[in-house]
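Down below is the structure, laid out as structure tokens.
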Amino acid sequence: MNVKPGVEVAGLSDLGCQRENNEDSYLYWEPAGGEEFRRKGRIAVVADGMGGHEGGQEASHLAVEAVREVYYETFRGDPRAALVESFLEAHSRIQKYADLNPAFYGMGTTCTAIVIVGRQLYFAHVGDSRLYLVREGHISRLTHDHSYVGRLVESGIVRAEDAETHPQRHILTAALGAGLTAAVDSSEKAIELHEGDDLVLCTDGLWGMVTEEEIAKAASENSPADCCAALVKLARQRGGPDNITVQVLRIGPES
């Protein structure tokens, strides 16, 4: 993977300990041309498919490829708008695929994507895959889960600290491919990144097994590649009931 100066990137996807098929997908991509890269930036995506075996795998793959392709095709100077448009197209493509392949009825996927233009971060999100920012050892979750328990937290019925272990925490309320329209959350404005920041994108197979403090510690003490390996190993040691996918981007000096 060729990565232009300014960021260090690593990713890892693991089957886990109990699944027979990996329904997660992830992607990092940047345009080769310098001028296009300067305007449109670099993109990273993680997705966690559902629909059983080939259905979930196909849904997550369709999502990450559609987000990459459509973001760069529809870009008109506004990264946030292009990201949202790419999610809407991914939603449509998944539904069309299911219509043409009835065996995959009900297929869908979570999706979390980021774009970095210079030092500006934009993100879009559907489902319960997550985006974290680790800065100087402190971790912040930038996404909100589209889940049943997420709604309970927002309404004050469940405490945030109890949500991570709630038995119904994996029940989704939104996914690409599910419902008439995609309920896409996106960053209201760009987030200014600093040298040394770590961005962690992951599926629930990771965050369901490790704590946010453990994610922050692994990111702060390791290279991105070693961070991914350490977190996946920890999730597997704790049973790894789901597929485990993580991608880490570390912001370097301005190029």
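Of all positions in region 17-26, at least one carries a residue that is within 21 Å of A124 (Cβ to Cβ) and of a type in the set (D, E).
Just so you know, in region 239-255 the residues that are of a type in the set (G, A, S) and under 17 Å from G208 (Cβ atoms) include one that is farthest from the chain's Cα centre (by Cα), and it is G239. Scanning region 209-235 for residues that are buried (at least 16 other Cβ atoms within 10 Å of the Cβ) and in contact with a strand residue (DSSP E or B) (Cβ under 7 Å, 6 or more places away or on another chain) returns E212, I215, A216, A219, S220, P224, C227, C228, A229, L231, V232, A235.
Taking the condition of being over 30 Å from P241 (Cα atoms) and buried (at least 17 other Cβ atoms within 10 Å of the Cβ), how many residues in region 32-56 meet it?
Of region 32-56, the ones over 30 Å from P241 (Cα atoms) are 32-42.
Remaining after also requiring buried (at least 17 other Cβ atoms within 10 Å of the Cβ): 40-42.
Selection size over region 32-56: 3.
Test L249 against the stated conditions and say whether it is crowded, with 18+ Cβ neighbours inside 10 Å, over 17 Å from V45 (Cα atoms) and of a type in the set (A, V, I, L, M).
Criteria not met by L249.
Rundown of residues vs (1) charged (D, E, K, R); (2) under 19 Å from F104 (Cα atoms), yes/no style:
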site: E8; (1), (2): yes, no
site: G11; (1), (2): no, no
site: Q18; (1), (2): no, no
site: E30; (1), (2): yes, no
site: E35; (1), (2): yes, no
site: D48; (1), (2): yes, yes
site: A59; (1), (2): no, yes
site: A63; (1), (2): no, yes
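Scan region 27-83 for residues that are β-branched (V, I, T), within 14 Å of the chain's Cα centre (by Cα) and assigned to a helix (DSSP H, G or I) and jot them down. Residues satisfying the conditions are V64, V67.
So which residues in region 34-54 are more than 28 Å from R76 (Cα to Cα) and either small (G, A, S) or at pLDDT 95 or above (or both)? Even if it seems obvious, please write down each step before you answer.
Here is the first cut: in region 34-54, the residues more than 28 Å from R76 (Cα to Cα) are 48-54.
Result: D48, G49, G51, G52.
The set of residues in region 172-196 that are within 17 Å of the chain's Cα centre (by Cα), touching a residue at least 40 places away in the same chain (Cβ under 8 Å) and not in a strand (DSSP E or B) comprises A174, A175, G177, A182, A183, V184, S187.
The number of residues in region 166-208 that are at pLDDT 90 or above, surrounded by fewer than 22 Cβ atoms within 10 Å (Cβ to Cβ) and in contact with an Asp or Glu (Cβ under 8 Å, 6 or more places away or on another chain) comes to 3. Look at (1) of a type outside the set (D, E, K, R); (2) under 12 Å from T203 (Cβ atoms); (3) at pLDDT 95 or above and you find that C17 fails only one, number (2). Annotation note: Cβ proximity below 7 Å between a residue of region 136-153 that is of a type in the set (A, V, I, L, M) and a residue that is modelled with pLDDT of 90 or more (sequence gap 6+ or interchain) occurs for I139/Y132; I139/E212; I139/I215; I139/A216; L142/F123; L142/L131; L142/Y132; L142/L133.
Taking (1) at pLDDT below 90; (2) over 20 Å from the mean Cα position of the chain (by Cα); (3) not small (G, A, S); (4) not in a loop (DSSP other than H, G, I, E, B) in turn, R151 satisfies each apart from (2). Could you check R130 against (1) farther than 21 Å from L27 by Cβ; (2) at pLDDT 95 or above; (3) in contact with a Ser or Thr (Cβ under 9 Å, 6 or more places away or on another chain) and say which number it fails? Just one mismatch for R130, condition (1).
V3 meets each of the listed conditions (1) within 23 Å of D197 (Cα to Cα); (2) of a type outside the set (K, R); (3) in contact (Cβ under 8 Å) with a residue 40 or more places away in the chain apart from (3).
The number of residues in region 5-15 that are assigned to a loop (DSSP other than H, G, I, E, B) and under 18 Å from G55 (Cβ atoms) comes to 1.
The values are calculated or read from the model by the stated rules, or taken from the named source; none is laboratory data. Note that the structure is predicted; figures quoted are calculated from it, not measured. Glycine also receives a Cβ, built like all others from the backbone with ideal geometry; neighbour counts cover every protein chain displayed.
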